[in-house]
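A short reminder: the numbers here are calculations on the coordinates, not readings from a lab. Quick caveat, the model's predicted, so the values are computed rather than measured. Ideal geometry is used to build each Cβ from the backbone, glycine not excepted, and the neighbour counts take in all protein chains shown.
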Amino acid sequence: MWWKKNKFKVIVPVLIVAVLVVAFYFGGDHRGSGSWGTDTSPSPAAGTETVPETTASASPSASASPAASASPSPEKPVPEQSSAPAASRTPEPSAAASSSPSVSPSASPEASETPEASASAEPSASAEPSVEPSVEPSPSPSEMPPVSPSEEPEPTPPEQEEHKLTCTLSISCATILDNMELCDPDKREIIPSDGWILGPVTVEFEEGESAFDVLQRATREHGIHFEYSFSPFYNSAYVEGIANIYEFDVGELSGWMYSVNDWFPGFGLSGYAVKDGDVFKWLYTCDLGADIGGGYAVG
Amino acid sequence: MKNRDAFSGCHPVVNFLYFAMVLVFAMCFLHPVCLGMSLVSALAYSIYLKGGKAVRFAVLYMLPMMVLAAVLNPAFNHGGVTILAYLPDGNPLTLESILYGLDSAVLLVGVIVWFTCFNEVMTSDKFVYLFGRIIPALSLVISMTLRFVPRFVEQTRTISQSQKCIGRDASTGSVWQRLRNGATILSIMVTWALENAIESADSMKSRGYGLPGRTAFSIYRIDERDKHMLLWLGFCGVYIISGWITGAFYWRFIPSIKHVEITPFTLSFMLVYLLLCLTPLILNVKEDNTWKRLRSGI
């Protein structure tokens, strides 16, 4: 009698709980999903803490670089554009010098650290790290002495005219190679075997262009598929997919991120004004940036 | 509604099972050959059922809808490895997304046409007969809802004609006048619909509708033909679903077009699917011929 009357009071909660349990166990395709398992717990910690996940050698410099370069570039991209673009070899130091002399020491570890960082980010590519360091560190140490005087921008303008502004850009999805089991079966065949979609190439740009313009031009020139959407809230483009590899294709924590001179900006690519000699790396992450050393940018 | 065709004369279980299968398959198979077969047989059956009205419906509504769906897909879906051009917003226009759009347009139209056939065949008495025992309240609500639309249309015609008699129809006068008259008719209709709903709900409640123990009279019985149909549908269902699981209907558009190779084995699944889609037509044509033969023999 009681059962007949209150049947639904029992059945409905049991059904709801059953649905929730099923959703909890089968909901996510994140690795180790189904529980707060052992291998997922370190990665959130790495995301907030930035460093512990990345290799020991890279960690101090990685934590230093955002602090050093984060302060100048997002706040005043425009003054840098107008004053510093200068010679192709002096982007970093001039920016650091114009903001404050105290930053310049932190800029030098950043430069010296780049080979390690690039090596840790793209372990599979053997040839590339040799290319990138040649672009970056060699100019900056040579310019280090002239940086210290603060009237450095003055002599450079004459060179500006004859010099074309260039930056370096590479697109890599090497992290997918380690996470093939998470990858969408339909996309497996289009993933390059070495992880490189576009090796480091030099791209010319005009003054005042953003990282988005550079990426779009580079992908068009090389016939690479690129889809974006514009998000008005952030006033920036958002990269949905490059070369048909889209966000969420390799687990629910996957997507495209970019680093500039091995620093991961915490804002959209339309908000970054390109400086001469910038090195853009477009990296596919399968773990919210923690696997490419950019977990701090995700927050 | 009269059962003009032989398939409508089958047991409601047969009708419902058939449409359930066909609709699920039509929605799930992306293979263009499957979609083409499904669309063509759905159109043929709806033309058989409704004649010229079906053709008019297809040309007036389905064709523009198909074009719209085919055009909209590449505007929002930019996946695919073959880049043809770039859209004004900077995203690529790909061959795969265009073909995918065409394919899904055929799918959409096919499903809608199948549903028009479903409405024609699965009348509300059949529906209530099938589900009145299991979900009495829901089947009552569904049959009332289905009945509401034609009744509303009919009543609208009556009201607007009687308004026309006193010169207040929406077809005469200035634009403002027409709007006012149209609004009057709409207001009358809403009032009528509310009143009618309350009245019929009271009336049906007092007659015991929606109660679990209520029985309904029906003269449906499963005869030999229905048994054969059930066997045939069961065979088709098992065969096609097993083919589905083994990937005989596999077709992928994004990122690149990839499909199952055509072998006699996969073709056999296609053939069974085609026969399933054409089942009502085959049955109807067969019975029409039998009837003709019998009549000419008299």
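For the reader, a short list of remarks on this structure follows.
- Site pair B:Val149 and B:Lys227 shows an inter-label distance of 3.7 nm when each label is modelled 7 Å from Cα along Cα→Cβ.
- Positive-end residue of B:Thr215, B:Ala183, B:Cys277, charge dipole of the stretch B:162-298 with Cβ unit charges: B:Ala183
- Cα gyration tensor shape of the stretch A:217-299, rounded if a/c is under 1.5, else prolate or oblate by comparing a/b with b/c: rounded
- For chain B, the membrane-span-like helices by this rule, meaning whole DSSP H stretches whose C-alpha atoms cover at least 15 Å of axis and whose Kyte-Doolittle mean is 1.0 or above, are B:12-28, B:32-50, B:63-76, B:95-121; this says nothing about an actual membrane.
- Applying 1/(1 + (r/R0)^6) with R0 = 22 Å to the Cβ-Cβ distance of A:Asp184 and B:Val272 gives a FRET efficiency near 0.10.
- For B:Lys50, a cut-off of 25 angstrom between C-alpha atoms picks up these lysines, skipping any fewer than 8 places away in its own chain: B:Lys2, B:Lys126, B:Lys286, B:Lys292.
- Cβ-placed point charges (K, R +1; D, E -1), dipole of the stretch B:133-206 about Cα centre in debye, nearest 20: 180
- Since only A:Ser254, A:Phe230, A:Asn244 are under comparison, the one whose Cα sits farthest along the positive direction of the charge dipole of the stretch A:214-267, derived from C-beta charges on Lys, Arg, Asp and Glu, is A:Phe230.
- Put in line by how crowded their Cβ is, counting other Cβ atoms within 10 Å and starting with the fewest, B:Ser296, B:Ser256, B:Ser242, B:Ser38 read B:Ser296, B:Ser242, B:Ser256, B:Ser38.
- The calculated FRET efficiency for the pair A:Lys9 and A:Lys164, based on their C-beta separation and a Förster distance of 60 Å, comes to about 0.20.
- Anisotropy class of the stretch B:133-206 from Cα gyration tensor, a/c 1.5 cut: prolate
- Selection from B:Leu233, B:Trp251, B:Ala85, by position along the positive dipole direction of chain B (Cβ): B:Leu233
- Overall form of chain B per C-alpha gyration tensor (a/c, 1.5; a/b vs b/c): oblate
- Look at B:Tyr61, A:Tyr238 and count the other Cβ atoms within 10 Å of each Cβ; fewest to most, that gives B:Tyr61, A:Tyr238.
- At R0 = 22 Å, FRET efficiency that the Cβ-Cβ distance of B:Leu93 and B:Val40 yields, to 0.05: 0.15
- Modelled spin labels at B:Val24 and A:Phe230, positioned 7 Å past Cα toward Cβ, are 4.5 nm from each other.
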